[in-house]
Amino acid sequence: MIEMIDTGTAGQLEMRMSGAIAAVDYDDVLTPALEAALADVDAVRLLVVVGEDLSFNASAAWADMKLGLSHWRGFDRVAVCAGSGWIASTIRAFAPIMPCPVQVFDFEEEEAARRWLRESLGAIHLRDLGGPALLIELVGKVSPEDYAMAEGDLDAKLLERDGFRLLIDVREFDGWQGLSAMGAHLSLARGHAPLLDKAAIVGDRAWQKMAQKVGSRFLDAETQFFDAANFEAAKKWLMSD
């Protein structure tokens with residue numbers, strides 16, 4: 001069965017799954033609750049507590065797939081309390097390709113799961129460095145909403161200056177909150193890349209350096225990667241003629 005619990009907070013749902021799950025549980029309980037929540041907010045945060053006796057039949061598996069496809073962008077974050085069994089292992093395996101952040105917790109970590117749902121995972125900060133130069137800092141795991149706000153700020157600042165140089169600080173960047181956030185990142189980059197004159201990337205991971213090398217082949221702008229300890233050198237290089 002599926003039981004929905006009222007959290008009293010808009011956009012935050014909790015459900016408990018136990019025993020045999022059938023399609024009717026999705027059709028009569030979960031789907032109506034999810035659609036009612038999405039009538040008030042753009043996306044929901046969901047806590048799922050999975051009973052140790054949980055089992056699915058074929059109709060439930062199909063209902064689960066249909067729900068995921070029809071509400072693909074309806075989830076902002078999902079926390080699952082599932083212990084250490086096959087369900088937890090399966091969710092962990094698929095979490096990296098889910099459209100939103102998914103985190104698995106043990107049964108005794110319900111409160112930790114709720115805190116994780118409430119907290120902010122990342123942020124994008126934009127600062128003026130003077131002249132044509134801007135600093136953009138990516139912190140934690142960033143979301144599509146973070147990119148939407150950053151894009152508005154970036155557009156406003158570009159109107160104020162002649163030229164566009166960008167210092168990209170990814171020293172505290174932990175990745176994206178799902179595929180939709182990665183898509184927002186690519187969209188932001190694609191929309192502003194033609195305006196860019198020069199870019200410096202400061203980071204501490206091999207994939208970040210590789211991304212700079214690959215990206216430089218598709219940009220008309222001059223780009224360079226700097227190790228995390230060389231932030232000031234990156235700024236100096238960016239400001240030089």
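Among what's in the range 170-188 and is within 24 Å of residue 231 (Cβ to Cβ) and loosely packed, with under 15 Cβ neighbours inside 10 Å, pick the residue that is farthest from the chain's Cα centre (by Cα).
Per the stated criteria, the residue is 172.
Working only within the range 210-223, note down all residues that are loosely packed, with under 15 Cβ neighbours inside 10 Å and within 13 Å of residue 169 (Cα to Cα).
None; the set is empty.
I need the full set of residues from the range 229-241 which are at pLDDT below 95 and either surrounded by 15 or more Cβ atoms within 10 Å (Cβ to Cβ) or β-branched (Val, Ile, Thr) (or both), in order please.
239
Residue 126: surrounded by fewer than 18 Cβ atoms within 10 Å (Cβ to Cβ), assigned by TED's automatic domain parsing to the domain that holds residue 199 and under 22 Å from residue 174 (Cβ atoms), yes or no?
So residue 126 fits the description; yes.
Please work out which residue is farthest from residue 38 (Cα to Cα), limiting yourself to the range 74-123 and to residues that are of a type in the set (S, T, N, Q) and loosely packed, with under 13 Cβ neighbours inside 10 Å.
Only one residue fits best here, namely 84.
Which members of the range 205-218 meet the condition of being out of contact with any Ser or Thr (no Cβ under 7 Å at 6 or more places or on another chain) and more than 15 Å from residue 167 (Cβ to Cβ)?
Passing the criteria: 205, 206, 207, 209, 210, 211, 213, 214, 217, 218.
Mind listing just one residue for me: the one in the range 1-25 that is of a type in the set (S, T, N, Q) and surrounded by fewer than 16 Cβ atoms within 10 Å (Cβ to Cβ) and, of those, farthest from residue 117 (Cα to Cα)?
By that ranking, first place goes to 18.
Could you check the range 142-241 for helices (runs of 4 or more DSSP H) lying wholly inside it with 3 or more residues that are within 23 Å of residue 130 (Cβ to Cβ) and free of Cβ contacts under 8 Å to residues at least 24 places away in the same chain?
Per the criteria, 144-158, 231-239.
The values are calculated or read from the model by the stated rules, or taken from the named source; none is laboratory data. Computed from a predicted structure; not experimentally measured. A quick note on method: Cβ atoms are made from the backbone with ideal geometry, for glycine too, and the neighbour counts reach across all protein chains shown.
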